[in-house]
Amino acid sequence: MLLSVEGLHAHYGKSHILHGVDLGVEDGAIVSLLGRNGSGRSTTLRAMMGIVPPSAGKVVLEGRDLTGLRPYTVARAGLGYVPEERLAFPNLTVDENLQMGVQPGRAGETPWTVEDMYGYFPRLRERRATKAGNLSGGEQQMLTMCRSLLGNPRVLLIDEPTEGLAPKIVEVVMEVILDIQRRGVAVVLVEQKLTIALKVAHKVFVMGHGEIVFEGTPDELRERPEIRRDWLEVS
Ligand SMILES: Nc1ncnc2c1ncn2[C@@H]1O[C@H](COP(=O)(O)OP(=O)(O)O)[C@@H](O)[C@H]1O
Ligand SMILES: [Mg+2]
């Protein structure tokens, strides 16, 4: 496994939210993390990044134990993160935001460049001199995703990237995610739209009440209507 999460627990104050989450991400794979609102998907990503310090368990990337390290160190070690709240620097321009995200790539690998990002999202090129605070929600989303990618991560954790986007942009975002994977970056995708999540994922984890309640391929999930009914569909 490229990335493994073992028995992860996390709390917000006294609320015990994650109850021993286990996840494995193989090199170059797209893994979807599904579940209803409040099931703990975002907290899992935050605990992996060290934003919410795990109270027990382990996060290991390429054999390196990242548990409990600071978010900055975790990012440097190769975990990229696109949070659900899009965190562009509002007073910096699009171009400045992108330049700030640039980290050297690994030896022997072609790093992502700001030009690559403008290639994916011509809209960002048009707005390169605009302050991020003046962008639409969708544009900020693209910007945050690009900035994380420019950090040249080994694994990119993306929290609901298509939330609130127009259908046409959703398609572009999904194309970019597939392209990221083709270029060798593994992806952990939290995605509300089940059809999309199943279409792109190699492996699916379903969360319920802070635990993994199903793990398998998209086809295996399709064969388990009760998992969808009990843990995914809104009742
Ligand atoms: N900052 C926070 N402080 C306290 N409780 C939180 C916080 N963020 C999330 N929670 C709670 O943790 C649980 C899991 O939330 P979250 O990980 O955001 O779920 P998901 O991303 O699957 O919708 C929910 O019950 C939510 O109310
Ligand atoms: Mg969430």
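The values are calculated or read from the model by the stated rules, or taken from the named source; none is laboratory data. Just so it is clear, the structure is predicted and the values come from calculations on it, not from any experiment. Heads up, the Cβs are rebuilt from the backbone with ideal geometry, glycines too, and the neighbour counts pull from every protein chain shown. Accessible surface areas use protein heavy atoms only, side chains included; no ligands, DNA or RNA. Shrake-Rupley method; radii C 1.70, N 1.55, O 1.52, S 1.80 Å.
Can you spot a residue in segment 164-183 that is buried (at least 17 other Cβ atoms within 10 Å of the Cβ) and closer than 15 Å to residue 35 by Cα?
Checking segment 164-183: not a single residue is buried (at least 17 other Cβ atoms within 10 Å of the Cβ) and closer than 15 Å to residue 35 by Cα.
For segment 1-20, state whether one or more residues are away from ligand 1 (no atom under 14 Å from the Cβ) and at pLDDT below 95.
yes
If you check residue 158 against the conditions, is it open to solvent by less than 10 Å² (accessible area, probe 1.4 Å) and touching a strand residue (DSSP E or B) at 6+ places or on another chain (Cβ under 9 Å)?
So residue 158 passes the test.
For the subset of segment 26-50 comprising residues that are part of a loop (DSSP other than H, G, I, E, B) and touching a Lys or Arg at 6+ places or on another chain (Cβ under 9 Å), which member is nearest to ligand 2 (Cβ to nearest atom)?
50
Please pick out the residue among 226, 126, 211 that is closer than 30 Å to residue 16 by Cβ, open to solvent by 70 Å² or more (accessible area, probe 1.4 Å) and modelled with pLDDT of 95 or more.
211
Considering only segment 189-197, I want to know if a residue exists there that is more than 16 Å from ligand 2 (Cβ to nearest atom), of a type in the set (A, V, I, L, M, F, W, C) and closer than 24 Å to residue 18 by Cβ.
no
Take the conditions modelled with pLDDT under 95, away from ligand 2 (no atom under 16 Å from the Cβ), open to solvent by less than 70 Å² (accessible area, probe 1.4 Å) and not in a helix (DSSP H, G or I) and apply them to residue 88. Does it pass?
Spelling it out, residue 88 is indeed modelled with pLDDT under 95, away from ligand 2 (no atom under 16 Å from the Cβ), open to solvent by less than 70 Å² (accessible area, probe 1.4 Å) and not in a helix (DSSP H, G or I).
Given (1) within 16 Å of ligand 2 (Cβ to nearest atom); (2) touching a strand residue (DSSP E or B) at 6+ places or on another chain (Cβ under 8 Å); (3) open to solvent by 70 Å² or more (accessible area, probe 1.4 Å), identify the lone condition not met by residue 23.
So the condition that residue 23 fails would be (3).
Among the residues in segment 67-80, are any within 16 Å of ligand 2 (Cβ to nearest atom) and within 18 Å of residue 189 (Cα to Cα)? Outline the logic, then answer.
Keep residues of segment 67-80 that are within 16 Å of ligand 2 (Cβ to nearest atom), which gives none.
No, segment 67-80 has no match at all.
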